[in-house]
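Written below as structure tokens is the structure these notes are about.
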Amino acid sequence: MTGPAPSTAPTTAVPPWGLAVAAMLSIQLGSALSVDLIGTVGPAGTAWLRLSAGALIFLLLARPPLRSVRRSDVPALLGLGLTTGVMTTGFLAAIERIPLGTAVAIEFLGPLTVAAVRSHSLRALAWPALALSGVVLLTEPWHGRIDLAGIGFAGLAAVGWGFYILLTQRIGDRFTGIGALSMTVPVAAVTAAVLGVPQAAGHLTPGVLAAAAGLALLLPVLPFALEMLALRRMTPTAFGTLMAVEPAFGVLLGLLVLHQHPSRVQTAGILLVVLAGAAAQRGGRRRPRTSGPTADLPALDPIG
């Protein structure tokens, strides 16, 4: 007589919050490691190479569900790809000029504002205002060393991330996550190619291409897979609140990898951004659908 069949679920499974944290660390590590590549092929060149490698990986993982595409889906799909390409380039141009943690905090204003506005509460607008005060502490304009170009590029990434969330939500109502990315990431790569190809021309070596492929695995491939797994085991509100810690991870990886040391005032600024992000999730998340693919599609940061 045989004993009961062993359980297929491991008893030491990684908790969902651990998956989400790993995804955030992968995003910020990919951002920090992109700085060296930016120095070789420029921010637009880095965006183009990384998105192109990511597009190839997603096409290998999932066949684009082209037969399921309706005419009404085309503007959103193209818009999401275009937005991803622009904000990727903008963010990488930002971290070329300002510290990683500061760029992530400014970029985070985009989804934070979306969450506050969609809460339909005037009080919720206090959270983006609190985060903005944290950004002021991060940039320390009273020292006269503010980089307006870097802040502007990070602001462009923030606007892009806000639109990205709205478009991802619409696409998520129609397609599963990887299937959608296999259509939108190639569009993002083509968008980044407009400026990226001229920047990277003459600098494409086997080492550069290998570095771009490795960075594509760190972002967006690995974070997407980890966030998908995390969202299957935790509520969207809990996930969104945990993701509010991402600006702090940007500071941490900036310190460890790029040796960017924040001052005490800048550290206080990051804490304000994290607090605002966590508080905004209480009323700014969309109620999960009872059916359809949206429940499994994370509003991940695709650019860091």
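The table below gives the values:
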quantity	calculated
Per residue solvent-accessible surface (Å²) - segment 191-273, probe of 1.4 Å	48
Listed values (1) 29, 25, 20; (2) 38, 34, 18; (3) 41, 18, 15, entry calculated as semi-axes √(5λ) of the Cα gyration tensor in Å	(1)
Positive dipole terminus of segment 114-240, leading residue within GLY134, GLY172, GLY152 (C-beta point charges)	GLY172
Heavy atoms of ARG145: accessible area, 1.4 Å probe, square angstrom to 10	150
Kirkwood Rh (inverse of mean 1/r, distinct Cα pairs), segment 161-250, angstrom	15.6
Heavy-atom accessible surface of the chain: percent carbon and sulfur, 1.4 Å	68
Cα-centre dipole for the chain with unit charges at Cβ (Lys and Arg positive, Asp and Glu negative), debye to 20	960
Virtual spin-label span in nm between VAL197 and LEU78, 7 Å along Cα→Cβ	1.8
Spacing of the two label points (7 Å from each Cα toward its C-beta) at THR237 and VAL117, in nm	2.3
Positive dipole terminus of the chain, leading residue within LEU229, THR102, LEU255 (C-beta point charges)	LEU229
Cβ-derived FRET efficiency at R0 22 Å, VAL257 paired with ALA278, nearest 0.05	0.30
Axial C-alpha extent at least 18 Å, average Kyte-Doolittle at least 1.6 - helices from the chain (DSSP)	74-95, 100-117, 126-139
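The values are calculated or read from the model by the stated rules, or taken from the named source; none is laboratory data. All values derive from a computational prediction rather than experimental measurement. With ideal geometry, Cβ positions are generated from the backbone for all residues, glycine too; neighbour counts draw on all protein chains shown. Surface accessibility is based on the protein's heavy atoms, side chains included, excluding ligands, DNA and RNA. Shrake-Rupley method; radii C 1.70, N 1.55, O 1.52, S 1.80 Å.
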